[in-house]
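Here is the structure we will look at.
The values are calculated or read from the model by the stated rules, or taken from the named source; none is laboratory data. This one's a predicted model, so the numbers in the text were calculated from it and none came from an experiment. We place every Cβ from the backbone using ideal geometry, glycine too, and count neighbours over all the protein chains shown.
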Amino acid sequence: MPEVMSSEVVVIGGGVIGAAVAYYLCREGAEVMIVEEDDLASGASGACDGFVSLQTKTPGPHLRLAMGGAQFFHELAEDLEVDIEYRGCGGLLLATTQEQMKELRARAKTLKAEGLEVEVLTASDLKELLPEVGKEVKGGSYCPQDAQVNPISLTLGLARKAQEMGATILRGCKVENIVVTNNRVREIHTTEGNIHSRRVVCAAGVGSNQIGKMIIVDVPVLPQRGQILVTESSEPVLKTLVAGAEYLGTKANIEGLLPADAEAAKLGLGFTAEQTAAGNLLLGSTREFVGFDDQTTPEAMNAIARNALRYLPWVKDLDVIRSFAGLRPCSPDGLPILGTIKGIRGFYLATGHSGDGICLAPITGKLISELVLDGETSLDIAPFSLYRFK
């Protein structure tokens with residue numbers, strides 16, 4: 001007979017969101033079990049860059065959520081047993097047209113009104129932060145509060161610390177059904193046996209819609225492919241995170257910042273660059289709705305390389321050593337889906353972070369932990385409710 005297990009809280013998903021939820025629950029003394037179909041960080045959390053970017057967030061609740069969580073990275077860098085390679089490096093958004101500069105100026109004004117530090121820079125100003133920018137670059141905006149982290153180390157560090165505090169991690173364990181009786185979660189059926197639990201957190205990323213179907217709830221999360229190039233290691237050349245204005249346009253669907261080129265628009269192409277602690281440059285990226293196809297494509301690789309040369313001509317001297325693609329869990333508006341389900345007690349959603357999973361993982365973990373254990377949160381998550389789509 002299959003094994004019968006029990007846990008106070010079951011977290012479905014072993015990516016950075018699930019690991020963060022488990023970590024903060026365990027810090028409060030909860031009994032936690034992580035159920036992961038594959039392995040830790042095997043999904044989007046292991047196939048992305050390490051941007052902890054605040055200036056790319058939508059002004060309002062989205063930005064406040066990111067700003068509220070930024071402080072936790074300092075704490076995690078100290079508390080976790082692994083080096084998460086956290087670096088408060090700041091971030092640049094670059095404009096290649098005067099129209100984009102106008103948009104970035106207006107955006108900087110709005111962001112500063114919400115308490116974020118943002119400075120508008122001319123092309124000559126950029127020379128202090130960025131070596132040899134492309135001739136098309138007219139200027140940009142700089143946020144000193146932007147940072148970077150190693151996403152895989154962050155995910156593994158959170159999970160391992162949760163495990164040290166008592167969490168159980170089931171790898172290679174697929175959820176097959178969730179039993180609800182009298183409007184309350186009672187049991188989770190998995191390939192490794194049944195788990196008695198009255199509290200379940202869905203942090204299943206692109207698998208969240210399938211998990212939702214088990215309790216007859218539509219969780220509107222679709223996979224969105226992002227492709228990235230990795231260069232050989234080099235001496236430190238990037239002091240900050242770097243992104244192009246089109247990246248922000250494709251991310252937030254801002255009309256004035258969307259790519260003008262037809263191929264770039266089809267790929268959802270937006271320039272990003274960061275240099276890792278090991279010296280490699282990660283160059284991106286795309287935003288494509290292609291189902292669950294997580295393969296890289298020659299078209300995207302070439303487009304990313306050409307785009308990188310527009311912004312940073314000197315990357316032509318670096319060899320590309322590999323590429324990868326990941327599937328981001330994308331909600332209809334690109335914002336997270338957080339909170340409870342009407343009519344079903346004990347089921348919680350922590351999904352749909354799109355390309356912001358790494359940046360928002362700690363604050364998501366903290367708030368969902370509060371919701372599960374206390375029934376309320378220290379920061380209002382109503383704007384991220386599933387029911388905003390109804």
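Out of the residues in segment 123-146 that are of a type in the set (Asp, Glu), over 24 Å from the mean Cα position of the chain (by Cα) and in a loop (DSSP other than H, G, I, E, B), state the one that is farthest from PHE73 (Cα to Cα).
Per the stated criteria, the residue is GLU136.
I'd like to know if segment 89-98 contains one or more residues that are free of Cβ contacts under 8 Å to residues at least 40 places away in the same chain, over 26 Å from the mean Cα position of the chain (by Cα) and exposed (fewer than 15 other Cβ atoms within 10 Å of the Cβ).
no
Among the residues of segment 260-315, how many are of a type in the set (Gly, Ala, Ser), touching a Pro at 6+ places or on another chain (Cβ under 9 Å), over 19 Å from ASP356 (Cα atoms) and at pLDDT 95 or above?
Total satisfying the criteria: 2.
Restricting segment 110-127 to residues that are touching a strand residue (DSSP E or B) at 6+ places or on another chain (Cβ under 9 Å) and of a type in the set (Asp, Glu), which is nearest to VAL52 (Cα to Cα)?
If we take residues in segment 110-127 being touching a strand residue (DSSP E or B) at 6+ places or on another chain (Cβ under 9 Å) and of a type in the set (Asp, Glu), then GLU117 is nearest to VAL52 (Cα to Cα).
Where residues in segment 1-37 are over 19 Å from the mean Cα position of the chain (by Cα) and of a type in the set (D, E, K, R), which of them is surrounded by the most Cβ atoms within 10 Å (Cβ to Cβ)?
GLU37
Which of the numbered conditions does GLN71 fail, given that it passes all the others? Conditions: (1) more than 17 Å from the chain's Cα centre (by Cα); (2) at pLDDT below 95.
Checking GLN71 against (1) more than 17 Å from the chain's Cα centre (by Cα); (2) at pLDDT below 95, the one that fails is (1).
Considering (1) surrounded by fewer than 18 Cβ atoms within 10 Å (Cβ to Cβ); (2) in contact with a helix residue (DSSP H, G or I) (Cβ under 8 Å, 6 or more places away or on another chain); (3) acidic (Asp, Glu), say which one GLU78 fails and leave the rest.
Failed condition: (2).
For segment 179-191, how many residues are touching a residue at least 60 places away in the same chain (Cβ under 8 Å) and either farther than 12 Å from VAL10 by Cβ or surrounded by fewer than 14 Cβ atoms within 10 Å (Cβ to Cβ) (or both)?
Counting residues in segment 179-191 that are touching a residue at least 60 places away in the same chain (Cβ under 8 Å) and either farther than 12 Å from VAL10 by Cβ or surrounded by fewer than 14 Cβ atoms within 10 Å (Cβ to Cβ) (or both) gives 3.
How about segment 296-316: which of its residues are closer than 18 Å to GLU232 by Cβ and touching a residue at least 60 places away in the same chain (Cβ under 8 Å)?
THR296, MET301, ILE304, ALA305, ALA308, LEU309, LEU312, PRO313, TRP314, VAL315
Using the structure shown, decide if VAL120 is over 23 Å from the mean Cα position of the chain (by Cα) and assigned to a loop (DSSP other than H, G, I, E, B).
The answer is no for VAL120.
Looking for something over 17 Å from the mean Cα position of the chain (by Cα), under 21 Å from GLY50 (Cβ atoms) and of a type in the set (Ser, Thr, Tyr) - is there at least one such residue anywhere in segment 280-301?
Looking through segment 280-301, at least one residue is over 17 Å from the mean Cα position of the chain (by Cα), under 21 Å from GLY50 (Cβ atoms) and of a type in the set (Ser, Thr, Tyr).
Return only the number of the condition from (1) surrounded by fewer than 18 Cβ atoms within 10 Å (Cβ to Cβ); (2) touching a helix residue (DSSP H, G or I) at 6+ places or on another chain (Cβ under 9 Å); (3) modelled with pLDDT of 95 or more that ALA167 does not satisfy.
(1)
Report those strands (runs of 3 or more DSSP E) wholly inside segment 301-371 carrying at least 3 residues which are out of contact with any Lys or Arg (no Cβ under 9 Å at 6 or more places or on another chain) and surrounded by fewer than 24 Cβ atoms within 10 Å (Cβ to Cβ).
Per the criteria, 320-330, 337-341.
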